[in-house]
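The values are calculated or read from the model by the stated rules, or taken from the named source; none is laboratory data. Nothing here was measured: the structure is a model prediction, and the numbers come from that model. Cβ placement follows ideal geometry from the backbone for every residue including glycine, while neighbour counts extend to all protein chains displayed.
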Amino acid sequence: MNAEQYPVSEILHHLGERDFPSNAVAPPIFQTSIFCFKSFEDFQAALADEAHKFIYSRGNNPTVNLCERKLAALEHAERAKLVGSGVAAISCAILAQVKSGDHCVVVDNSYSWTRYMFNEYLPRFGVTATFVEGTKIEQFEEAIRPNTKVIYLESPATFTFKLQPLKQVAELAKAHHIKTIIDNTWATPIYQNPIDYGIDIVVHSATKYLGGNSDLIAGAIMGSEEDITHIFNTEFLPLGPVPDPFMAWLIMRNIRTLHIRMPVHYANALGLAKFLEERDDVESVLYPLLPSFPQYDLAKEQLRGGSGLFSFRLKTRDVEKIKKITNSVKFFKRAVSWGGYESLFDPAATQFAPGKPIPDDRVSLIRVHAGLEDLDLLKADLAQALDSVR
Ligand SMILES: *Cc1c(COP(=O)(O)O)cnc(C)c1O
């Protein structure tokens with residue numbers, strides 16, 4: 001793959017930014033729906049290649065394209081497509097590979113709407129899926145069939161944090177002419193570049209760290225020029241999950257600090273994970289870069305670092321205690337999602353309607369996002385919340 005290879009800070013601060021109108025430092029926002037042509041010939045030439053030309057902003061837009069150039073370079077990809085949400089990135093990437101009668105292999109702990117795509121949506125069009133745990137290559141070998149077109153990965157997954165052996169899966173897939181797609185939202189391009197392991201297509205929820213401020217919804221698809229152009233023509237143009245220029249501009253502004261933010265999320269998550277692991281009221285902590293993690297060796301091999309998201313389980317199964325702890329945190333916000341500057345506290349028990357029974361393995365499972373606050377402040381906040389039910 002002939003990707004643009006630059007150091008991260010060159011990508012974030014300079015790539016594509018040398019010749020702005022009026023010597024502006026910040027990129028201009030091209031808030032326009034259409035682009036006009038000097039002649040019939042120019043008009044005709046543009047229409048013959050909508051995937052690469054400025055015609056109409058449902059296709060390409062200069063502000064969006066500059067953001068895409070940076071995102072592609074960050075993921076060591078030839079091309080990126082910015083889209084309206086992470087789920088749009090996931091669904092466009094998958095839909096572009098399958099037709100009726102095809103089969104997919106999917107990691108069973110992937111993002112909830114990804115599982116919906118394979119469980120509910122694709123079966124309506126005659127596309128079937130086999131779900132695998134995905135921690136061992138044998139599970140993929142056993143699941144593939146002659147009509148398998150996609151192996152869908154998420155490593156680490158964002159609930160169980162289980163990893164897949166990326167190099168082995170990529171080799172297996174290539175030998176069977178199967179496309180590999182991975183959700184790389186957790187690690188970000190700062191800590192993992194799946195394309196370097198031979199994975200074909202990378203998807204991101206840019207809502208998380210690429211946005212980084214909990215103020216936008218976006219997604220990105222990265223891959224070869226051929227794969228992204230195919231997705232552009234067959235899914236992006238007809239389905240229309242358009243990223244608006246201002247959102248692209250916000251992402252460019254926010255990724256300028258991505259390489260500065262990620263090490264702080266990493267240090268805070270690891271610090272909190274270690275702190276929780278030592279408490280006697282905590283049953284287990286799931287963070288891939290914690291030495292006690294079952295796949296720690298693979299994590300060290302595949303990841304250059306970790307992000308701020310992890311989970312832990314308390315020993316108690318008393319939902320009243322979980323409620324009290326959740327209501328006691330002061331700096332952590334009670335909210336879904338993650339990837340912003342702020343720390344979050346998200347108990348799995350909130351996903352069950354009031355009064356409904358909660359399975360034993362969910363009652364005391366809590367997902368934490370370590371933000372950019374001072375680690376001691378966060379530790380003290382968790383300590384006082386957990387101590388409130390001692
Ligand atoms: C949030 C998330 C998504 C979905 O992204 P949206 O931007 O909310 O559409 C997909 N995958 C993972 C791992 C996520 O955390």
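Remark: pairs (first residue in the range 192-210, over 22 Å from L289 (Cβ atoms) and of a type outside the set (G, A, S); second residue within 8 Å of the ligand (Cβ to nearest atom) and outside any loop (DSSP other than H, G, I, E, B); Cβ separation under 9 Å; 6+ apart in sequence or on different chains) = V203/G86; V203/A89; V203/I90; V203/D183; V203/G219; T207/G86; T207/G219. Those strands (runs of 3 or more DSSP E) of the range 269-356 in which at least 1 residues are surrounded by fewer than 20 Cβ atoms within 10 Å (Cβ to Cβ), considering only elements entirely within it, cover 282-286, 309-314. Just give me the residues in the range 184-206 being of a type in the set (V, I, T), away from the ligand (no atom under 13 Å from the Cβ) and either touching a Gly at 6+ places or on another chain (Cβ under 8 Å) or not in a loop (DSSP other than H, G, I, E, B) (or both), in sequence order. Selection gives I190, I195, I201. Filtered by the rule that a residue be more than 30 Å from P146 (Cβ to Cβ) and not in a helix (DSSP H, G or I), the range 82-103 gives L82, V83, G84, S85.
Selection of first residues in the range 266-287 that are assigned by TED's automatic domain parsing to the domain that holds L314 and of second residues that are assigned to a helix (DSSP H, G or I) and hydroxyl-bearing (S, T, Y), restricted to Cβ pairs under 8 Å at least 6 apart or on distinct chains, gives the following pairs, ordered by first then second residue: Y266/Y191. When the range 179-227 is filtered for residues that are out of contact with any Leu (no Cβ under 8 Å at 6 or more places or on another chain) and aliphatic (A, V, I, L, M), the ones remaining, listed by number, are I195, I201, V202, V203, I217, I221. Can you name the residue in the range 154-177 that is over 17 Å from A269 (Cα atoms) and touching a residue at least 40 places away in the same chain (Cβ under 8 Å) and is also nearest to the ligand (Cβ to nearest atom) among such residues? Out of the qualifying residues, it is E154.
Condition first: under 20 Å from H259 (Cα atoms) and either over 14 Å from the mean Cα position of the chain (by Cα) or more than 14 Å from the ligand (Cβ to nearest atom) (or both). Can you find one or more residues in the range 83-98 that meet it? No, the range 83-98 contains no residue that is under 20 Å from H259 (Cα atoms) and either over 14 Å from the mean Cα position of the chain (by Cα) or more than 14 Å from the ligand (Cβ to nearest atom) (or both).
Conditions (1) assigned to a loop (DSSP other than H, G, I, E, B); (2) at pLDDT below 95; (3) touching a Cys at 6+ places or on another chain (Cβ under 6 Å); (4) exposed (fewer than 15 other Cβ atoms within 10 Å of the Cβ), marked per residue:
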site	(1), (2), (3), (4)
A26	yes, yes, no, yes
T32	yes, no, no, yes
D42	no, no, no, yes
A45	no, no, no, yes
F54	yes, no, no, no
C67	no, no, no, no
